[in-house]
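Notes follow the structure.
The values are calculated or read from the model by the stated rules, or taken from the named source; none is laboratory data. Computed from a prediction, not measured in an experiment: that's the story for all the values here. Cβ placement follows ideal geometry from the backbone for every residue including glycine, while neighbour counts extend to all protein chains displayed. In case anyone asks, the SASA skips ligands and DNA or RNA and just uses the protein heavy atoms, side chains included. Shrake-Rupley method; radii C 1.70, N 1.55, O 1.52, S 1.80 Å.
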Amino acid sequence: MPTVSVGRDRLFAALGRTYSQEEFEELCFRFGIELDDVTTEKAIMRKEKHLEEEADEDEEVIYKIEVPANRYDLLCLEGLAQALRIFNKQEETPRYKLSNISKESMHKMHVNPETSLVRPYVVCAVLRDITFDEASYNSFIDLQDKLHQNICRRRTLVAIGTHDLDTLEGPFTYEALPPSAINFVPLKQTKSFRADELMEYYKSDLKLKKFLHIIEKSPVFPVLFDRNRTVLSLPPIINGAHSAITLKTKNVFIECTATDLTKANIVLNTMVTIFSALCKKKFEIEPVEVIYSDGKSNIYPELSLYNMEVSLSYITNCIGVPLEAEEVTSLLNRMQLQSEQSVSGDMSNVTISVPPTRSDVLHPCDVMEDVAIAYGFNNIPKSKPASLQPLPLNEFSDLIRGEIAMSGFTEVLTWILCSYKENFSMLKREDDKSTCVIIGNPRSTDFEVVRTSLMPGLLKTVGHNKDHPKPIKIFEVGDVSLLDDAKDVGARNHRHLAALYCSANSGFELIHGLVDRIMEVIGASFVTVGDETGYYIKCSDNPEFLTGRQAHIIYKGRKIGTFGIVHPEVLNNFDIPDPCSFVELNIESFL
């Protein structure tokens, strides 16, 4: 979860009282956040520089507070303090509104069609008569950085630009031009750069170089101009120096360029709602009209309330506490969700007005969660279900685990995700495109597919422990996943048992003995080929096993598994020097 660093004394001043550390930890817990660490600014610097100097008594205490990842309104001190004051019933939830100005008087942002090639959306707003002090100014800048790291996905989805409106002249234009056609003085610089020169210059900048890849291969770069062709920003890289905001800035123009319009609106709403409290007319935001080349226009920010109706019985049943509608509405008001009781037929409902600060509220379960938080998780009575029976498959799996363990094998637990190579080519298997679940956009090549067999995990385990005393006898009971069009999710899990024996003299008969033991404990008798009353083995030809040293297990006329000596080529792929025998079977077949 994101961590917000705030000065303790400034936070307590905003809350209107002081707390002991224990009291504040309790307040955080009741609100659903956590005080993660207590430190000082100088201590953080000493830690970064690996210094061991003693702390001064007058150092400002810093609270590091963990907040939910989707509560963007809590990513700065101002938003956090406001939410806690409302939770403590010190103030009501603010009602945000747009300035009452005519459409003709609004600032205009004209969007050129070429922007669709790189970042097609832009949303804007103005904060009028704002007053910064050093702390609130730093918080304003820090909130942008936190949003960039969080919902903006390192500026790939949204990039925020803030400007001193008094240094600019509207109307504004949002264009996409060749890099050689863009020339301006970037923030914290004194000389002018062409956009292509700037990209080369920032390749040595530790902070900005990680954003260059977003647009550097594009034939056109996004850029914002005012009426005088003064560059506001080159999103998502850098703002222009001309319109940089300072402590003396009174009117702030905020623009968010994006590839995702929904995220852009959330980011803009977060910025303007939190810092509109610093304006002369509190909680009032001046709108901006965004006009597209096809003549369509929109006015931003969109601050309208989102209404949601939730059944009272749904809330109380999920929480497990019989609450009256009046108590539920009171609890929701403490969580910034204005609510009132409503009746629909015989059902008692609660109508919630979701403010623009609470973009995380999307479903009745989000409302229920806020009621539970405000009520207090520790106040919910503990109870046990009247009866709790394990699923037959899980109960059977536990019995099988016990029997295999008593046969001298050690249980392992491996990842259900593996690489595509491990699942196929390293086992000498071909992908028929009809069985394997492929992960879209995997974070790592180690987790590209959902395993279709337990074999890769056990072989990797042995490969990483090949110096362990022999024999190595391990097993796993776990799920594999196979594509299944009959399922609504397109795939189905199967519970498998796999065991592996590794030693210098690992043979077919060793793993065959384990197969016979498994079938014995489940009550299956060994029968002749073709008899469907028990089990028998039949010669197989799987590429991962040695030819002539492998067999299928046939149970009641169906193939449920395979065992044999692992092929030397497969062992070499997993860096295993000793012979291995292996069995894998589907234990759901026994139920």
Taking the options 45, 1, name whichever one is at pLDDT below 90, within 23 Å of residue 144 (Cα to Cα), open to solvent by 70 Å² or more (accessible area, probe 1.4 Å) and in a helix (DSSP H, G or I).
45
Of the residues 484, 531, which single one is farther than 24 Å from residue 435 by Cα, open to solvent by less than 60 Å² (accessible area, probe 1.4 Å) and modelled with pLDDT under 95?
531
Is it true that some residue in the stretch 493-513 is of a type outside the set (Gly, Ala, Ser), open to solvent by 10 Å² or more (accessible area, probe 1.4 Å), part of a strand (DSSP E or B) and over 23 Å from residue 479 (Cα atoms)?
no
Test: residue in the stretch 90-99 that is among the hydroxyl-bearing types (Ser, Thr, Tyr), within 27 Å of residue 258 (Cβ to Cβ) and part of a helix (DSSP H, G or I)
no
Could you tell me which of the residues 176, 135 is of a type outside the set (Ser, Thr, Tyr) and open to solvent by less than 20 Å² (accessible area, probe 1.4 Å)?
176
Can you pull out the residues in the stretch 449-481 that are assigned to a loop (DSSP other than H, G, I, E, B) and open to solvent by 50 Å² or more (accessible area, probe 1.4 Å)?
465, 466, 467, 468, 469, 470, 471
Hey, residue 538 more than 25 Å from residue 416 (Cα to Cα) and part of a strand (DSSP E or B) or not
yes
Here the residues within the stretch 179-197 that are touching a strand residue (DSSP E or B) at 6+ places or on another chain (Cβ under 6 Å), surrounded by fewer than 19 Cβ atoms within 10 Å (Cβ to Cβ) and assigned to a loop (DSSP other than H, G, I, E, B) are 187, 192
So how many residues does the stretch 431-441 have that are open to solvent by 50 Å² or more (accessible area, probe 1.4 Å) and either in contact with an Asp or Glu (Cβ under 6 Å, 6 or more places away or on another chain) or closer than 18 Å to residue 496 by Cα (or both)?
1
Positions within the stretch 307-334 being within 23 Å of residue 78 (Cα to Cα) and open to solvent by 20 Å² or more (accessible area, probe 1.4 Å), in sequence order
333, 334
I need a count of the residues in the stretch 422-453 that are touching a Ser or Thr at 6+ places or on another chain (Cβ under 8 Å) and under 27 Å from residue 546 (Cβ atoms).
7
With respect to residue 166, is the statement that it is surrounded by fewer than 18 Cβ atoms within 10 Å (Cβ to Cβ) and either in contact (Cβ under 8 Å) with a residue 40 or more places away in the chain or not assigned by the TED database to the domain that holds residue 228 (or both) true?
yes
Flag for residue 533 being assigned to a strand (DSSP E or B) and of a type in the set (Ser, Thr, Tyr)
no
Go through the stretch 198-225 and give me each residue that's of a type in the set (A, V, I, L, M) and surrounded by 13 or more Cβ atoms within 10 Å (Cβ to Cβ).
198, 199, 208, 212, 214, 215, 220, 223, 224
Hey, does the stretch 234-243 have a residue that's assigned by the TED database to the domain that holds residue 182, open to solvent by 10 Å² or more (accessible area, probe 1.4 Å) and without any contact (Cβ under 8 Å) to a residue 24 or more places away in the chain?
no
Residue within the stretch 83-99 that is open to solvent by 80 Å² or more (accessible area, probe 1.4 Å), in contact (Cβ under 8 Å) with a residue 60 or more places away in the chain and within 24 Å of residue 166 (Cβ to Cβ) present:
yes
Just need a number here: residues in the stretch 364-384 that are among the hydrophobic types (A, V, I, L, M, F, W, C) and either in contact with a strand residue (DSSP E or B) (Cβ under 8 Å, 6 or more places away or on another chain) or outside any helix (DSSP H, G or I) (or both).
3
Apart from one, (1) surrounded by 14 or more Cβ atoms within 10 Å (Cβ to Cβ); (2) of a type outside the set (Gly, Ala, Ser); (3) modelled with pLDDT of 90 or more all hold for residue 9; the odd one out is (1)
Output for Cβ contacts, cut-off 7 Å, separation at least six or different chains, first residue within 18 Å of residue 257 (Cα to Cα) in the stretch 294-306, second open to solvent by less than 60 Å² (accessible area, probe 1.4 Å) and among the charged types (D, E, K, R), reads 297/289; 299/289
Residues being exposed (fewer than 14 other Cβ atoms within 10 Å of the Cβ) and either of a type in the set (A, V, I, L, M) or at pLDDT below 90 (or both) - total across the stretch 394-410
3
For the stretch 552-567, does any single residue satisfy the condition of being surrounded by fewer than 16 Cβ atoms within 10 Å (Cβ to Cβ) and within 38 Å of the chain's Cα centre (by Cα)?
no
Checking residue 251 against (1) of a type in the set (S, T, N, Q); (2) buried (at least 24 other Cβ atoms within 10 Å of the Cβ); (3) in contact with a Leu (Cβ under 6 Å, 6 or more places away or on another chain), which single condition isn't satisfied?
(2)
Find the residue count for the stretch 541-581, including only residues that are basic (Lys, Arg), under 16 Å from residue 453 (Cα atoms) and not in a strand (DSSP E or B).
0
Residues of the stretch 411-430 being buried (at least 16 other Cβ atoms within 10 Å of the Cβ) and part of a strand (DSSP E or B), in sequence order, are 417, 418
